[in-house]
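Here is the structure we will look at.
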Amino acid sequence: MNTFNDERLIYLIVLLVMVAGWFFMQTREGLNKTLQHAAVWAMIFVGGAAGVGLWQDISRTPNQTSFSASGQIVVPRNRDGHYYLTALINGTDIRFVVDTGATDMVLTQSDATRAGLEPNQLNYLGRAFTANGEVRTAFVKLDKVQLGETTDRDVAAVVNQGQMEQSLLGMGYLQRWGRIEIANNELILTR
């Protein structure tokens with residue numbers, strides 16, 4: 001904090017103490033009743049703040065991806081604005097963020113390990129340029145990628161050698177779908 005803010009804070013604290021002191025001196029006879037009222041108002045304030053904070057969670061129906069028999073997948077937009085899909089990679093559930101700006105399907109080190117790959121033994125010969133700078137990547141072929149009822153074999157992907165929070169479902173995989181559409185806060189994949 002700078003000096004101006006420190007002085008202002010001290011002034012506000014002194015003012016608050018003076019007003020609170022005057023208030024309690026005026027209601028000395030009914031101090032117990034005053035404390036009860038203060039506790040009730042504090043609970044009302046905390047309850048209101050909790051209600052406002054939880055309203056989005058209470059009012060929103062859970063996001064669920066739907067898979068139709070015709071091969072169409074409908075993914076609702078998450079609260080953070082992204083679309084998330086869980087695919088079976090070599091028999092293991094891997095959660096992806098759908099990234100149409102990514103060229104490839106990109107696996108994190110931990111997701112690659114879960115999918116049966118050994119990231120420590122891969123050759124990181126590729127390069128990718130991300131918002132965080134250049135990273136090294138290793139080309140891999142995934143034996144089996146299953147999304148809903150759709151199964152693809154020998155799917156090209158890369159494993160990122162750098163730190164990454166979430167695996168990306170990029171255009172290398174998405175182009176296998178005949179149609180990619182975003183409408184009404186839903187991502188629709190159709191084969």
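Please treat every number below as a calculation from the coordinates, not as lab data. Keep in mind that what you see is a predicted model, and the values were worked out from it rather than measured. Cβ sites come from the backbone with ideal geometry, for glycine too, and all protein chains shown count toward neighbours.
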| query | Summing Lys, Arg as +1 and Asp, Glu as -1, what charge do residues with Cβ under 15 Å from the Cβ of residue 170 carry, residue 170 excluded? | reply | -2
| query | Which values of log₁₀ I(q)/I(0), to two decimal places, follow from the Debye formula for the chain at q = 0.10, 0.12, 0.18, 0.20 Å⁻¹ with a uniform point scatterer at every Cα? | reply | -0.61, -0.71, -1.22, -1.37
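Order 73-81, 144-152 from most to least packed using the mean count of other Cβ atoms within 10 Å. Before the final figure, lay out the partial values.
Working: 73-81: 14.1, 144-152: 16.1.
Ranked from most to least packed, the peptides come out as 144-152, 73-81.
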| remark: Here the relative contact order (percent) of the chain, from C-alpha pairs under 8 Å and at least 6 apart, is 21 percent
| query | For segment 117-191, what does the alpha-carbon gyration tensor say about shape, rounded, prolate or oblate, given a ≥ b ≥ c as the root eigenvalues, a/c under 1.5 as rounded, and a/b over b/c as prolate? | reply | oblate
| said: Taking 0.36 nm per residue of sequence separation and subtracting the Cα-Cα distance, how much length would be gained by fully extending the chain between residue 146 and residue 184, in nm to one decimal? | reply: 11.1 nm
| field | Extreme residue, positive dipole direction of segment 33-146, given options 75, 133, 108 (C-beta unit charges) | value | 75
| said: Starting from the 7 Å offset along Cα-to-Cβ, what nm value, one decimal, do you get for the label separation of residue 120 and residue 174? | reply: 3.5 nm
